[in-house]
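Written out below as structure tokens is the structure these notes cover.
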Amino acid sequence: MTRTEEFGEAEVRTRLAQAGTVRDLLFDTMTSHPDRVALRSHESGAEWTYAAVRARIGEVANRLREAGVGHGEPVALMMRNVPEFHVVDAAAMVLGAVPFSIYNTSSPEQVEFVLSDSGARVAVVESSFVPLLRDAERLGGSITTILVIDGTVEGCEDLLGELSSDTTTFDFAASAAIEPHDLLTLIYTSGTTGSPKGVELTHANMLAQLRGVHTTMPLPGGGRQVGFLPAAHVADRWSSHYSSFMTYGNTLVTVADAANLAAAVRTTRPTLFGAAPRIWEKFKTALEESYPGDLTSDVATDPALAAALREKLGLTEARWLISGAAPTPVAVVEFFNALGLPLCELLGMSEVSGVPTVNTPTANRVGSVGRPLENVEVAVAEDDELLLRGPQVMKGYRGQASRTAETLDAGGWLRTGDLARIDDDGFVWLTGRKKELIISAGGKNMSPANIELALRSAGRLIAHICVIGDARPYNVALIVVEPDAAGGRAFDDPGLIAEVGAQIDQGNAALSRVEQVKKFTIVPRPWELGVELTPTMKVRRAAVLDRYVDDIERMYARPAGPHAV
């Protein structure tokens, strides 16, 4: 990959200080560095300079305006991690609209909820997602116009067809007036306590996030990054879209297929790279499988081996390596530390525009989520819940004043739901979760209660179910069969197991892929009130996990397929 010269962090700092909105950052970056490569597709190799990006943004903005998109209008986006996403999102932003993304793995029911909740009338999608949007429309979704970015689809308009590559008639100087407290985007949560919530983030919120991170870890501009996370996740929106593309003038290499990530990192040689723990685990495993000895032991005593492995990964030029969204196994952190690649864990949260606390290469406590950014206050409530306050805290949940009040108090303190302690040096250590939440090894937040409801609702066989998946690569479940529906059959009857499997499959169809249960075990006896169940018949998750720890481990160790304990 062709290298480009970096420019000083002082330029980035000045740009951040002077900007009144995120749009200001983008305009300044495009104007200051028109010949720098802004976006490149790993899969196709296509690349656009900032001058070409500016022309495309202008023409797409014209077409969105013709479709009725204006100031404050929500615009739904459904694309893989491709260069076109950044152009379309930015075009909506310069009109003063509110672009937001939908997870590509969502079910029609989930898409319909997000569309209706946001009030979006216009959706911009890759053509492969049109059938899903149509299904959501039939369920009652609010969309009236679907624009596609990659060709012609019956009943949809081609948004990018015959775009000019170097000129635009769009008047950027006269585009819609945007104020700092106007909405920038919506980030939909995973519905951990019911239906998803639309986190409203303003331009001022994201500017505070960008400024706080740059002060904590000042980096030069003009580097290289790899974008591979879904844009519906706040991590990608902050780190790739608003940070790399709009603020730092980095060349952002997009990866549409996650299977290509390792290759993209090797060819890009990113100057900054962040991923969920599961990615770091995969990198470690790949290195170990190609090494004949004890790699962890040997790399600690052989600097040449460590250097060779850094080269093999493509991380020789990375100034900052981030791990977040779920706890990172200590063994994984120690392995990369031995390679000379210190992993810096952080706390990520949609409601605070991305990252409120973070470790850096020079201030890194393994196992903590770091210290707060300079513009973030932290505190621990009487019940040990972590509280955050600062200018990057969300405006609120879209259309949900009561749920906003439950999370954000009158003094501006945000209740995170995490239990924590703060050490004498200001590092934050998470000790648990106040409310039940599954965070997969890949960093996806999921509500076990919602998953369990979907599976129980799909048939009559499941009396009680406990879904497990926290810090795991996929979800499994422990199941108590409904005696009447079982018809007197034993818990390990092959026919019964097959019928439960069919119900699981049907329930999985209403869930996104990452939420789906991959394996299950039928337990041999009913759960009891006061033991596995509360007086109101809710599952006592901690008690179940403790009682069935061996069975859970067996599910993750064995080949795929249903079993009975």
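The values are calculated or read from the model by the stated rules, or taken from the named source; none is laboratory data. As the structure is a prediction and not an experimental result, all values here were calculated from the model. When we count neighbours, we look across all protein chains shown, and the Cβ atoms used for this are built from the backbone with ideal geometry, even at glycine.
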Open item on the list: Condition (residue is under 21 Å from the mean Cα position of the chain (by Cα) and not assigned by TED's automatic domain parsing to the domain that holds L511) applied to the stretch 61-73: is it met by at least one residue?
Closed with: no
Open item on the list: Restricting to the stretch 500-517, and then to whatever is surrounded by fewer than 18 Cβ atoms within 10 Å (Cβ to Cβ) and free of Cβ contacts under 8 Å to residues at least 60 places away in the same chain, can you tell me which residue is nearest to Y556 (Cα to Cα)?
Closed with: D505
TODO: Scan (1) within 19 Å of the chain's Cα centre (by Cα); (2) at pLDDT 95 or above; (3) not basic (K, R) for the single condition V94 breaks and write down its number.
DONE: (1)
Open item on the list: Only one of D424, D409 is more than 14 Å from A379 (Cβ to Cβ), without any contact (Cβ under 8 Å) to a residue 12 or more places away in the chain and of a type in the set (D, E, K, R). Can you tell me which?
Closed with: D424
- [ ] Filter the stretch 295-321 down to residues that are closer than 14 Å to A275 by Cα, out of contact with any helix residue (DSSP H, G or I) (no Cβ under 8 Å at 6 or more places or on another chain) and of a type in the set (A, V, I, L, M), then give me how many there are.
- [x] 1
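Determine whether L511 is at pLDDT 85 or above and assigned to a loop (DSSP other than H, G, I, E, B).
Numbers: at pLDDT 85 or above: yes; assigned to a loop (DSSP other than H, G, I, E, B): yes.
So L511 fits the description; yes.
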Task: the stretch 193-252, residues that are farther than 21 Å from V265 by Cα, hydrophobic (A, V, I, L, M, F, W, C) and part of a strand (DSSP E or B) - done: V199, L201
Task: Close pairs from the stretch 81-98: first within 18 Å of G161 (Cβ to Cβ), partner among the aromatic types (F, W, Y) and surrounded by fewer than 24 Cβ atoms within 10 Å (Cβ to Cβ), Cβ under 7 Å, at least 6 apart - done: P83/W48
Task: Hey, T167 touching a residue at least 60 places away in the same chain (Cβ under 8 Å), surrounded by fewer than 19 Cβ atoms within 10 Å (Cβ to Cβ) and out of contact with any Gly (no Cβ under 6 Å at 6 or more places or on another chain) or not - done: yes
Open item on the list: Out of the residues in the stretch 97-145 meeting the condition of being in a helix (DSSP H, G or I) and basic (K, R), tell me which one is nearest to the chain's Cα centre (by Cα).
Closed with: R134
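Table: residues versus (1) of a type outside the set (F, W, Y); (2) within 25 Å of the chain's Cα centre (by Cα); (3) modelled with pLDDT of 95 or more; (4) more than 22 Å from D236 (Cβ to Cβ).
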| site | (1), (2), (3), (4) |
| --- | --- |
| E6 | yes, no, no, yes |
| T14 | yes, no, yes, yes |
| L25 | yes, yes, yes, no |
| R36 | yes, no, yes, no |
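Can you tell me which residues in the stretch 62-94 are of a type in the set (A, V, I, L, M, F, W, C) and farther than 24 Å from A256 by Cβ? Can you show your working first?
Of all residues in the stretch 62-94, those of a type in the set (A, V, I, L, M, F, W, C) come to 64, 67, 69, 75-79, 82, 85, 87-88, 90-94.
Of everything in the stretch 62-94, those that are of a type in the set (A, V, I, L, M, F, W, C) and farther than 24 Å from A256 by Cβ turn out to be A67, V69, V94.
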Task: Residue count, the stretch 289-309 (criterion: of a type outside the set (G, A, S) and in a helix (DSSP H, G or I)) - done: 9
TODO: For the stretch 452-488, enumerate the residues that are within 13 Å of D505 (Cα to Cα) and either of a type in the set (G, A, S) or in a helix (DSSP H, G or I) (or both).
DONE: E452, A454, L455, R456, S457, A458, G459, A477
